[in-house]
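The values are calculated or read from the model by the stated rules, or taken from the named source; none is laboratory data. Quick caveat: nothing in here was measured; it's all calculated off a predicted structure. Virtual Cβ from ideal backbone geometry, glycine too; neighbours counted across all protein chains shown. Side chains included, ligands, DNA and RNA excluded: accessible areas come from the protein's heavy atoms. Shrake-Rupley method; radii C 1.70, N 1.55, O 1.52, S 1.80 Å.
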Amino acid sequence: AADDASGADPDKRTNAREATLQQKAVVDPGSGESLFEPSSCLYCSGENLDPWLGGIRDRLGHVDGTWSFLRCRACGSAHISPMPRPEIVPDLYPSVYSFRPDFDSGSKAKGIIARLEEKLFYNLIHKGETNTVKRHTGLTSGAMLDVGCGTGDRLVRYDAAGFQVRGMDIQPELADYVHTRLGFEVDAGTLDTVSYPPDSFDIVTADWVIEHLLDVRAVLEKIYAMLKPGGWVVAEVPLADSFQAEKFGARMSQFSEAPRHVSIPSQKGAMLAFTSCGFTDVKIVPSSAMDCASFFALSLVPSAAATHVYNNSSLATHLPRFAAGAVTFLYLPGIVVENRIIKRPAAGLVFGRKPL
């Protein structure tokens, strides 16, 4: 979720943000209300979900209680237990969730640090991802939709690369932020509430979206219909069969994103979901080394998350983020082993093409 991008008084904005962060979501995993147990795999439809990881607490501290993950016996994908029903999903997200380059929290120093983060970390990741997508799809232009566009960083990169870009995000304030700050067309909503004509896009991207969905294949089917024949979908996802998932278990940053991460696919599960929805040329390419290394760092230093760091003006909250940044760079050689040698990346870009 986003800060208020208006010109309101910084101190009032900071106080409002901190007050919101102190209001935890009222969700009791043991109550059964607004929650349900998954009965089949969201990726391969397998009906055998075995207990796997337990005792997981929300690393952002926004939702009380403990959560578990079940693992599909057929494909190895992970599913949260219990699952939240759609009506409570918006309440699971704190007001400060995703990184934004204009974070200030009433502190000029924090604003400078945020802009440095954008240039030294996020811009490098998004530039590298754009080049990877162009290389594996062969596309250098065309109509592009970014589902879950966030603060619009990917839109900037694809626009610069020659694509005609459009964004969509579930949070209206982010849609307004991107439209006002960057001038791109952005729709507020989800693929359940926003519709596009068939054969509208040459490429649809969905980074860090799949793991939040309660019906993965229904969304993939909608994306399939929106794509032009020969068009591509590219979805970046954490992976449940990664080396980091094995070593960290319930402490891995992507599992402790419960209950916002309702599932995490295995490589096999992701490929089965895409092929079952009609996509061809399905493949998984490891995410950038920086992305994968940041997962490792957040698993070790969960207090480095943007929610913890950018919710007040104290520079002391940045110490864990500095530590996680150091771990990220130090672990880059380990990512080479994970991604290229044992081929068990922490995250991957899943490619699928709509047949001509």
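Can we say Ser40 is at pLDDT 95 or above, open to solvent by less than 60 Å² (accessible area, probe 1.4 Å), more than 22 Å from Glu246 (Cα to Cα) and in contact with a Gly (Cβ under 7 Å, 6 or more places away or on another chain)? Yes, satisfied. Pairing residues of segment 146-163 that are hydroxyl-bearing (Ser, Thr, Tyr) with residues that are assigned to a loop (DSSP other than H, G, I, E, B) and open to solvent by 30 Å² or more (accessible area, probe 1.4 Å), at Cβ distances under 7 Å and at least 6 apart in sequence or on separate chains, gives Thr151/Ser98.
So which of Leu182, Leu155 is farther than 22 Å from Gly278 by Cα and crowded, with 24+ Cβ neighbours inside 10 Å? I'd like the intermediate steps shown before the answer.
Working: Leu182 fails: crowded, with 24+ Cβ neighbours inside 10 Å.
The unique qualifying residue is Leu155.
Between Ala306, Ala240, which is touching a strand residue (DSSP E or B) at 6+ places or on another chain (Cβ under 7 Å) and either buried (at least 21 other Cβ atoms within 10 Å of the Cβ) or at pLDDT below 95 (or both)? Selected residue: Ala240, the only one of Ala306, Ala240 that is touching a strand residue (DSSP E or B) at 6+ places or on another chain (Cβ under 7 Å) and either buried (at least 21 other Cβ atoms within 10 Å of the Cβ) or at pLDDT below 95 (or both). When the residues of segment 250-273 are narrowed to those that are open to solvent by less than 10 Å² (accessible area, probe 1.4 Å) and more than 17 Å from the chain's Cα centre (by Cα), which ends up nearest to His308 (Cα to Cα)? Among those residues, the one meeting the criterion is Gly269. If the condition is being surrounded by fewer than 20 Cβ atoms within 10 Å (Cβ to Cβ), without any contact (Cβ under 8 Å) to a residue 40 or more places away in the chain and within 23 Å of Gly111 (Cα to Cα), then segment 322-356 contributes Phe322, Ala323, Ala326, Val327, Phe329.
Quick one: which of Arg217, Arg135 is at pLDDT 95 or above, within 17 Å of Cys277 (Cα to Cα) and either in a helix (DSSP H, G or I) or in contact with a strand residue (DSSP E or B) (Cβ under 6 Å, 6 or more places away or on another chain) (or both)? Walk me through how you get there before you give the answer.
Working: Arg135 fails: within 17 Å of Cys277 (Cα to Cα).
Going through Arg217, Arg135 in turn, just one is at pLDDT 95 or above, within 17 Å of Cys277 (Cα to Cα) and either in a helix (DSSP H, G or I) or in contact with a strand residue (DSSP E or B) (Cβ under 6 Å, 6 or more places away or on another chain) (or both): Arg217.
Selection of segment 311-344 for residues being at pLDDT below 95 and in contact with an Asp or Glu (Cβ under 8 Å, 6 or more places away or on another chain) yields Asn311, Asn312. For residues in segment 158-172 being touching a helix residue (DSSP H, G or I) at 6+ places or on another chain (Cβ under 7 Å) and either assigned to a loop (DSSP other than H, G, I, E, B) or within 16 Å of Gly128 (Cα to Cα) (or both), which is least open to solvent (accessible area, probe 1.4 Å)? The qualifying residue least open to solvent (accessible area, probe 1.4 Å) is Tyr158.
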